[in-house]
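Trainee: Have a look at the structure that comes next, please.
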Amino acid sequence: MSVLRRCLHTVSCVALVGLVACSSEHDGHLIVEVTKQPLEHSVTSNGELVSAESTKISLQPGAMHTIDWIVSDRTEVKEGDVIIRLSDRISQFRRDQSEINLEREKALGVGTLTEFDQRDLEIDYDLRVVEEELALIDQFSSDSDEVYSRLEQIDNARNRDYTEARGSYLGWDRDSNLDRRESKENLTQISQTRIERDVERFNTLVAQGEVRAPHDGVVVLQRSRRSGQLISAGSVEWGGSVIAEMPDLDQLVGEVYLLAADSAGVSEGTVVSARFDMYPDVEVVGTVTSISSLAQSRPDYLGKWFTVTIRFDELPDVLKKRVNVSFRAEFDILQTEPVVTIPIDALERVGNDWQVVLADGSSRRVEVGRRSLSDVEITAGLEAGDRVRLDQ
């Protein structure tokens, strides 16, 4: 046997230790003896400790906020401690602007009502004129041909009809003017109420220039929705933005990003073992409790990733009440009792069936079961002690 073949033979035996009894050559082919062994498969990925629940700290909605001062990231605080001080310059400016708008709206409302009053006076005057005209028509009208000719009588009747119609129109105009007045008063009142609420809101913002911790814990600052940077003094943020979180340190879980290509077989209940970067001698066991429904891209990473949540059985004291501690997670996807296995390379696909080539060169159909990255379970067709070719 050549030196090269002896080296290959040695490497093959080492690689297949525990999988086969040994390997040998027969007529130039690499032969392996089938044995029973546990079938194992696992994948690894990085993760960190996070809180299962956290209290979100957000800014008052309705205005932009300038942060004058904010605690450092991951600062431990007590309930009631000031964690953020806000500048009130923007809120004061908006409040003053709203007060000016309110005074202007009141002045416009008074002016508009004066116009309606003026129109009422004009209509009342015109109605009195109509009444006087009708009285004159009644006083001087006559159906006698001795007083007026037939054409003059017709003209007098037309004048009366016109005057009565004009009086009816003025009566309708007076009612309409009243309706328009009431509608305008309602609109003015609504507008003034809205502006008054703005004034009250900005007064509240001016008075609430400090944000305090709702409970004991650690303040974890968030990234700005406007700049993408960690929020700091001088940041200008939208009202309603979440600027910090206070995780519940009594409910810690593991959060792992798992590459979609490696996620096959990982499901809820999968056993996970974790080793922490800061404490390499500490191993913690847990189980998968949830997996994100969709794999998503990550900044600065290739491929798609699932977010996997791990619930640990028990954390050691050195890890309790600590978040963002990095660890390496190993997912035990497959762990079986000893079963008949062969290297995947020994399998050959024939139509819809699988077959292997025995040491004597004959073919035999087999049925396969579970598999790992390198080996496959044989459920029928082979027994321990059989010898198959590794290379076809």
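The values are calculated or read from the model by the stated rules, or taken from the named source; none is laboratory data. The structure displayed is predicted, hence computed values, not measured ones. Cβ coordinates were reconstructed from backbone atoms using ideal geometry, including for glycine residues, and neighbour counts include every protein chain displayed.
Trainee: Suppose we keep only residues that are surrounded by fewer than 18 Cβ atoms within 10 Å (Cβ to Cβ) and within 14 Å of residue 52 (Cβ to Cβ) within region 302-311. Which one would you say is nearest to the chain's Cα centre (by Cα)?
Mentor: The qualifying residue nearest to the chain's Cα centre (by Cα) is 307.
Trainee: How about region 187-238: which of its residues are of a type in the set (D, E, K, R), surrounded by 15 or more Cβ atoms within 10 Å (Cβ to Cβ) and within 12 Å of residue 98 (Cβ to Cβ)? Step through it out loud before you land on a result.
Mentor: Restricting attention to region 187-238, the residues satisfying the condition of being of a type in the set (D, E, K, R) are 194, 196-198, 200-201, 210, 212, 216, 223, 225-226, 237.
From what's left, surrounded by 15 or more Cβ atoms within 10 Å (Cβ to Cβ): 198, 201, 237.
Scanning region 187-238 gives 198, 201.
Trainee: I've got another one for you. Of the numbered conditions (1) modelled with pLDDT of 90 or more; (2) surrounded by fewer than 12 Cβ atoms within 10 Å (Cβ to Cβ), residue 317 satisfies every one except a single condition; which is it?
Mentor: For residue 317, the failing item is (1).
Trainee: Among (1) more than 22 Å from the chain's Cα centre (by Cα); (2) closer than 22 Å to residue 54 by Cβ, which single condition is residue 268 missing?
Mentor: Looking at each condition in turn, residue 268 falls short on (2).
Let's see how each residue does on (1) surrounded by 12 or more Cβ atoms within 10 Å (Cβ to Cβ); (2) at positive phi; (3) touching a strand residue (DSSP E or B) at 6+ places or on another chain (Cβ under 9 Å); (4) at pLDDT 85 or above:
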position: 64; (1), (2), (3), (4): yes, no, yes, no
position: 73; (1), (2), (3), (4): yes, no, yes, yes
position: 102; (1), (2), (3), (4): yes, no, no, no
position: 111; (1), (2), (3), (4): no, no, no, no
position: 118; (1), (2), (3), (4): no, no, no, no
position: 138; (1), (2), (3), (4): no, no, no, no
position: 145; (1), (2), (3), (4): no, no, no, no
position: 148; (1), (2), (3), (4): yes, no, no, no
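Trainee: Scan region 352-387 residue by residue and report those that are at pLDDT below 80, surrounded by 12 or more Cβ atoms within 10 Å (Cβ to Cβ) and among the hydrophobic types (A, V, I, L, M, F, W, C).
Mentor: Residue satisfying the conditions is 359 alone.
Trainee: Also, quick follow-up: Taking region 315-355 as the region of interest, how many residues are outside any strand (DSSP E or B) and not acidic (Asp, Glu)?
Mentor: 17
Trainee: Filter region 47-57 down to the residues that are buried (at least 16 other Cβ atoms within 10 Å of the Cβ), under 18 Å from the mean Cα position of the chain (by Cα) and of a type in the set (Gly, Ala, Ser) and list them by number.
Mentor: Answer for region 47-57, where residues must be buried (at least 16 other Cβ atoms within 10 Å of the Cβ), under 18 Å from the mean Cα position of the chain (by Cα) and of a type in the set (Gly, Ala, Ser): 51, 54.
Trainee: When region 63-106 is examined, which residues are found to be within 21 Å of residue 241 (Cα to Cα) and among the polar types (S, T, N, Q)?
Mentor: 66, 72, 75, 87, 91, 92
Trainee: Tally time: how many residues in region 42-71 are out of contact with any Ser or Thr (no Cβ under 7 Å at 6 or more places or on another chain) and hydrophobic (A, V, I, L, M, F, W, C)?
Mentor: Going through region 42-71 one residue at a time, the tally reaches 8.
Trainee: Kindly provide the set of residues from region 275-294 that are among the hydrophobic types (A, V, I, L, M, F, W, C) and modelled with pLDDT of 90 or more, ordered by number.
Mentor: 276, 284, 285, 288, 291, 294
Trainee: Kindly provide the set of residues from region 356-381 that are of a type in the set (A, V, I, L, M, F, W, C), in a loop (DSSP other than H, G, I, E, B) and within 17 Å of residue 30 (Cβ to Cβ), ordered by number.
Mentor: 359
Trainee: Follow-up. Just give me the residues in region 232-276 being in contact (Cβ under 8 Å) with a residue 24 or more places away in the chain and at positive phi, in sequence order.
Mentor: Correct list: 234, 240, 265.
Trainee: Hey, any hits in region 169-186 for a residue that's surrounded by 11 or more Cβ atoms within 10 Å (Cβ to Cβ), closer than 16 Å to residue 131 by Cα and small (Gly, Ala, Ser)?
Mentor: Yes, some residue in region 169-186 is surrounded by 11 or more Cβ atoms within 10 Å (Cβ to Cβ), closer than 16 Å to residue 131 by Cα and small (Gly, Ala, Ser).
Trainee: Given the criteria small (Gly, Ala, Ser) and either part of a strand (DSSP E or B) or out of contact with any Pro (no Cβ under 7 Å at 6 or more places or on another chain) (or both), does residue 240 qualify?
Mentor: On the way: small (Gly, Ala, Ser): yes; either part of a strand (DSSP E or B) or out of contact with any Pro (no Cβ under 7 Å at 6 or more places or on another chain) (or both): no.
Spelling it out, it is not the case that residue 240 is small (Gly, Ala, Ser) and either part of a strand (DSSP E or B) or out of contact with any Pro (no Cβ under 7 Å at 6 or more places or on another chain) (or both).
Trainee: Are there any strands (runs of 3 or more DSSP E) wholly within region 247-312 with 2 or more residues that are in the same structural domain as residue 76 (by TED's automatic domain parsing), touching an Asp or Glu at 6+ places or on another chain (Cβ under 6 Å) and not aliphatic (A, V, I, L, M), and if so which?
Mentor: Output list is empty.
Trainee: I need every pair where a residue in region 161-174 that is β-branched (Val, Ile, Thr) has its Cβ under 8 Å from the Cβ of a residue that is assigned to a helix (DSSP H, G or I), sequence separation at least 6 or different chains.
Mentor: Within 8 Å, the pairs are 163/130; 163/133; 163/134; 163/137.
Trainee: So, one more: Take the residues in region 175-197 that are touching a residue at least 24 places away in the same chain (Cβ under 8 Å) and among the hydroxyl-bearing types (Ser, Thr, Tyr); name whichever of them is farthest from residue 107 (Cα to Cα).
Mentor: Taking the candidates together, the pick is 191.
Trainee: Regarding region 273-288, can at least one residue be identified that is closer than 11 Å to residue 306 by Cα and surrounded by 12 or more Cβ atoms within 10 Å (Cβ to Cβ)?
Mentor: Looking for residues that are closer than 11 Å to residue 306 by Cα and surrounded by 12 or more Cβ atoms within 10 Å (Cβ to Cβ), one finds none in region 273-288, hence no.
Trainee: Then there's this: Filter region 220-231 down to residues that are in contact (Cβ under 8 Å) with a residue 12 or more places away in the chain and part of a loop (DSSP other than H, G, I, E, B), then give me how many there are.
Mentor: 5
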